[in-house]
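Written out below as structure tokens is the structure these notes cover.
Computed from the coordinates by the stated procedures, all read-outs in this text should not be read as laboratory data. What you see is a predicted model, and the numbers here were worked out from it, not measured in a lab. Ideal geometry is used to build each Cβ from the backbone, glycine not excepted, and the neighbour counts take in all protein chains shown.
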Amino acid sequence: MYQKRISDLEFAKQWLPDQQPQGVRSRPSKGTAASYLASVHLTLQDYPKAYKEAKYVIDNKTKFGYGLVSDFPDLFRAPQPGNLQEHIFAIDFLGLVSGDGGANDDIMAPMTGIRGADAPKSGWRVAVPSMAVYNTWDSRDYRKEVSMDDRAMIGGVLQPYTVFVNTKRPHIAKYAHFTGRSNSEGRYSDHNYAAMRYAEVLLIAAEAAGEVNGATAEAIGYVNEVRARA
């Protein structure tokens with residue numbers, strides 16, 4: 001099955017355009033195919049090939065229109081532009097639009113939202129991380145504040161997670177803060193969800209390069225590029 005995936009992705013890399021019209025990221029390009037090739041090779045622990053494909057994407061980032069957004073929360077601030085530079089492949093939802101069979105029914109915000117909280121952070125609390133995720137995350141990391149809610153407005157009063165309904169742990173925050181057009185639970189949002197981001201390609205390149213050549217300045221540089229943005 002993996003060999004078939006590799007064959008399909010190599011064919012796609014050969015024949016897809018460098019960019020889709022208007023740079024839209026919900027349709028694939030050569031860079032999309034190469035990014036997924038890098039991921040597949042990394043999964044198979046073929047580090048030289050994973051590095052080669054990730055480096056191809058990095059070296060051609062201008063041609064493909066890729067880069068890191070300057071502010072991490074912008075990745076989760078709906079509505080995003082359809083050509084957000086960090087998105088290599090995205091699933092594009094349209095706010096307050098529904099269709100047959102659950103089409104366009106985006107339920108990430110309610111699944112991660114805080115049951116009983118004031119809108120727009122209210123939800124079903126289906127997906128709540130363990131305390132270890134929160135406790136081991138360095139509080140100096142800007143992404144922790146953006147990605148986790150350890151307090152919320154409940155009945156107009158700011159409450160700590162220790163009194164959250166049902167699940168008394170910090171909840172995932174990034175999908176519920178800025179949902180654009182949506183209902184009160186954040187459902188049917190304007191989010192463009194990244195299936196693959198340029199940051200992931202940098203980290204694939206770092207890991208693969210580290211496996212091949214050790215902790216070189218190049219490998220460390222890729223990691224620090226992602227960290228510095230946050």
Percent of Cα-Cα distances greater than 20 Å, calculated over the stretch 122-185 = 27
Take the alpha carbon atoms of the stretch 162-230, find their center, do the same for the stretch 62-128, and report the distance between the two centers in whole angstrom.
-> 12
In this structure, among 13/144; 4/52; 61/144; 30/52, pairs with alpha-carbon gaps over 24 Å are 13/144; 61/144
0 to 90° range, to nearest 10: angle between helix 198-213 axis and the chain longest Cα axis | 50
Amide H within-cut-off set for residue 195, under 5 Å, with H built and near neighbours excluded | 89, 90, 91
Have a look at 58, 165, 137 and report the one farthest towards the positive end of the charge dipole of the stretch 52-184, computed about the Cα centre with Cβ charges (Lys/Arg +1, Asp/Glu -1).
-> 137
With no solvent and one point per C-alpha, what does the Debye sum give as log10 I(q)/I(0) for the chain at q = 0.08, 0.18 Å⁻¹?
-> -0.35, -1.28
Relative contact order in percent for the chain (Cα pairs under 8 Å, 6+ apart) equals 24
Taking the chain as the reference, fit the longest principal axis to its C-alpha atoms, fit the long axis of helix 2-15 to the helix C-alpha atoms, and give the angle between the two in degrees, 0 to 90, nearest 10.
-> 80
